[in-house]
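Everything below concerns the one structure shown next.
The values are calculated or read from the model by the stated rules, or taken from the named source; none is laboratory data. Since the structure is predicted, the reported quantities are computational estimates derived from the model, not experimental observations. All Cβ positions, glycine included, derive from the backbone under ideal geometry; neighbour counts span all protein chains shown. Quick note on the areas: whole protein, heavy atoms, side chains included, nothing else; ligands and nucleic acids left out. Shrake-Rupley method; radii C 1.70, N 1.55, O 1.52, S 1.80 Å.
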Amino acid sequence: MIDFTRDGHLHTPFCPHGSNDPLHMYVEQALARGIKTLTFTEHAPFPARFLDPTPEKDSAMSLESLPLYIEAVQKLKRSYPELDLRLGLEIDYLPGCEAETLAFLEPYADVLDETILSQHFLFVDGELLPVDFSAESFDTLVRRVGSFEDVMRRYYTTLEVGLAFPWECLKVNRIGHIDLPIKYQTNYVWDRANVQKQQTSLLQRIAERGFGLDLNTAGLRKPECRQPYAIDVMTEASTLGIPFVLGSDAHIAKDVGSGFETIQKKATFL
Ligand SMILES: [Zn+2]
Ligand SMILES: [Zn+2]
């Protein structure tokens, strides 16, 4: 069962690559769309050792901003007591930096309600390359790894390895956009059947770990994707008992709840 009155993946003005739309605008848009449960999941700061490979180095919030973000969402909760407003983070899964990520975010875990673990970078020949920065940078990744399907397989297997760490300490509840490379899928010829083995293995691991999945509608808004992330794994994940939480991944207020109706209309079985 999907809760269509819940948006579990929202960014904020604290996101350096997002918009300056104030927090209350996100809430007003949620109210207008009948959304009653909202989780703010700003990109958690990176551990000091990780150097953001994107040109502007603006993938995540700075460590200095984190207490300000926490305070702002807590204040917002007090302003809208009628809503179930949750404080979260979108935590990057960075292969090789797991222990640091866990250690430096742990002091904040107590105040967090629920968080998302997302992979945005892939480790290739000793270098972490961005997955979803641009079509050009993604194509570099494809060429370095071999093919689109190779990127998908590596995305899945890396994440599966990463699930060995105790992410519950950081209140991780679900995995963000589990098939993020499909953001650029229309630029390539590929067949999901060829990544099925790795996909099944990852889903089984997620089920064992008790995590859910982020049914992320940002993919619908991307011209080279045209579908929500995770929707193609729903049938299999559901048989494994994995729950789904809708997320708009809004970086601007007007995107809160975006695409939820499209999913609700199409997927009458949900
Ligand atoms: Zn973002
Ligand atoms: Zn993300």
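Scan the range 60-67 and tell me whether some residue there is away from ligand 2 (no atom under 16 Å from the Cβ) and hydroxyl-bearing (S, T, Y).
yes
Of the conditions (1) at pLDDT below 95; (2) over 21 Å from the mean Cα position of the chain (by Cα), E71 fails just one. Which one is it?
Evaluating E71 over (1) at pLDDT below 95; (2) over 21 Å from the mean Cα position of the chain (by Cα) leaves (1) as the failure.
Somewhere in the range 39-60, is a residue closer than 23 Å to C169 by Cα, of a type in the set (V, I, T) and open to solvent by less than 20 Å² (accessible area, probe 1.4 Å)?
The answer is yes, given that some residue of the range 39-60 is closer than 23 Å to C169 by Cα, of a type in the set (V, I, T) and open to solvent by less than 20 Å² (accessible area, probe 1.4 Å).
Tell me which residues, restricted to the range 240-270, are modelled with pLDDT of 95 or more, of a type in the set (A, V, I, L, M, F, W, C) and either open to solvent by less than 50 Å² (accessible area, probe 1.4 Å) or over 14 Å from T12 (Cβ atoms) (or both).
L240, I242, F244, V245, L246, A250, A253, V256, F260
Name every residue in the range 105-134 that is within 17 Å of A48 (Cβ to Cβ) and at pLDDT 95 or above, in order of residue number.
Across the range 105-134, the qualifying residues are L105, E106, P107, Y108, F121.
Any residue in the range 1-21 that is under 20 Å from P228 (Cα atoms) sitting within a Cβ distance under 7 Å of a residue that is outside any loop (DSSP other than H, G, I, E, B) and open to solvent by 50 Å² or more (accessible area, probe 1.4 Å)? List the pairs, counting only those 6 or more apart or interchain.
Going by the 7 Å Cβ cut-off, the qualifying pairs are F4/Q264.
Considering only residues that are out of contact with any helix residue (DSSP H, G or I) (no Cβ under 8 Å at 6 or more places or on another chain) and either of a type in the set (G, A, S) or open to solvent by 10 Å² or more (accessible area, probe 1.4 Å) (or both), which ones fall in the range 173-196?
If the condition is that a residue be out of contact with any helix residue (DSSP H, G or I) (no Cβ under 8 Å at 6 or more places or on another chain) and either of a type in the set (G, A, S) or open to solvent by 10 Å² or more (accessible area, probe 1.4 Å) (or both), then N173, G176, T186, A193, Q196 are the ones that fit.
Going through the range 1-25 one residue at a time, which ones are under 17 Å from the mean Cα position of the chain (by Cα) and within 16 Å of ligand 2 (Cβ to nearest atom)?
Within the range 1-25, D7, G8, H9, L10, H11, T12, F14, C15, P16, H17, G18 qualify.
Looking at (1) away from ligand 1 (no atom under 15 Å from the Cβ); (2) among the hydrophobic types (A, V, I, L, M, F, W, C); (3) outside any helix (DSSP H, G or I); (4) touching a residue at least 40 places away in the same chain (Cβ under 8 Å), which is the one condition that is false for V27?
(3)
Looking at E100 and the list (1) within 14 Å of ligand 1 (Cβ to nearest atom); (2) outside any loop (DSSP other than H, G, I, E, B), which single condition is not satisfied?
Exception for E100: condition (1).
Answer yes or no: is there a residue in the range 114-131 that is in contact with a helix residue (DSSP H, G or I) (Cβ under 9 Å, 6 or more places away or on another chain), within 23 Å of G88 (Cβ to Cβ) and open to solvent by 10 Å² or more (accessible area, probe 1.4 Å).
yes
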